[in-house]
Each structure stands twice: as C-alpha cells, then as structure tokens.
Amino acid sequence: MPNHWLFKTEPSVYSFQQLQKDKKTVWDGVANNLALKNLKDIKKGDLVFIYHTGDEKAAVGVAKALGGAYPDPSKNDPKLLVVDVEAGKPLAKPVTLAEVKAHPKLKNFDLVRNSRLSIMKVTDEQWEIMEGMGNSK
DNA sequence: GCCAACGTTGGC
DNA sequence: GCCAACGTTGGC
C-alpha cells in the first residue's frame, strides 16, 4: 500500500501543468525541517497531491514518487533533500482549501492545521475523501 | 497589503 | 541551551 502525501507549490514558480508538460521533475527547494522529515519517508510508488498556493489554494492533480528522497545534487548540504516525481492524473475538479476546511473529517488535516508546511503526510482516509471530492462533480 | 503562525538565528 | 527578535509563508 503506497503512502500518500501532499506537496505545495506556488503555481507561478512550478505548477502541476508544468509537471504534466515535463512528465517528471525533481522536487526541490524544500528547506523546512518538518517538511524534510516527511520527505525522507517517501518511497517509490507513493502518491502525491499537488496543491497550488496563492490565488488557487486547491489541490489540482496527482503525482507519483519515482523513488525515495536523496540529497540535492545542486546543493552542498546533505540535509537538503529532493525527490523525483512523475505527473499523474489531474483532478476532474480541483479540491479547494475552502472545501477541505468545510469537511468535518478533514478538520485536523495538516493543510488546515499548519498552513505553512510545504510537504505533509495524507492519511488514507484523507486521501480518499479528497479524491472523492476531486473526481465527482 | 496585512497579519498570524511558525521556523530560524544569535546573544547571553 | 534558552528565548527574544526577526524573517518567511500563506491565507484573508
């Protein structure tokens, strides 16, 4: 059973659409300690929601980890990790932050609780709820 | 544009 | 090693 995650990104910097165009990318720029700790737990085949901050504030698509985290080759710091991901399916309908907040079972989702965390674990239940919202009308 | 929440830094 | 000050992030 793959684990589930959520990556935040500023769409003007790197969007899900860009990832779809690239097919895969190296997810870098993670500096936050807790985010790095989460990143370390990512395994090949894990599924990831891509969430756009800024004007959109919504999960827009899914990506898949191509492997575990490894130190950023372009940096000189072994603590700065990156992970390879490939584009998956876009959600039929983006799941907005407002919808997540409105859902009683997503109340203690890290996305709501700690808005500044850029990489977080998503429980199976949270994943299923979000997927349900994203793929139904 | 503002501000709350959180992380990091640096002085002690 | 503590904690105040500062910077950054992201939602509003």
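The values are calculated or read from the model by the stated rules, or taken from the named source; none is laboratory data. All values derive from a computational prediction rather than experimental measurement. Methodologically, a virtual Cβ is constructed for each residue, glycine included, from the backbone with ideal geometry; neighbour enumeration extends over all protein chains shown. The protein model used for the area step is the full one, side chains on, heavy atoms only, and it has no ligands, DNA or RNA in it. Shrake-Rupley method; radii C 1.70, N 1.55, O 1.52, S 1.80 Å.
The table below gives the values:
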| quantity | calculated |
| --- | --- |
| Residues residue A:33 and residue A:92, FRET efficiency given R0 of 35 Å [Cβ-Cβ distance, rounded to 0.05] | 0.50 |
| Cα convex hull of chain A - mean projected area over all directions, nm² | 7.8 nm² |
| Förster radius 22 Å - calculated FRET efficiency between residue A:135 and residue A:112 (Cβ-Cβ, nearest 0.05) | 0.55 |
| Environment charge at residue A:36 (Cβ cut-off 11 Å; Lys +1, Arg +1, Asp -1, Glu -1) | 0 |
| Chain A: angle of helix A:124-135 to the longest principal axis, Cα-based, in degrees nearest 10 | 70 degrees |
| Surface accessible to a 1.4 Å probe, per residue, for the residues of chain A, Å² | 55 Å² |
| DSSP-assigned coil residues among trypsin sites (Lys or Arg not before Pro) in region A:1-74, each with at most 10 further Cβ atoms within 10 Å | A:23 |
| Pairs of alpha carbons in region A:67-137 whose separation is greater than 20 Å (percent) | 45 percent |
| Added length on full extension, which subtracts the Cα-Cα distance from 0.36 nm per residue, residue A:41 to residue A:23 | 4.2 nm |
| Region A:4-135, accessible surface, carbon-and-sulfur percent (1.4 angstrom probe) | 51 percent |
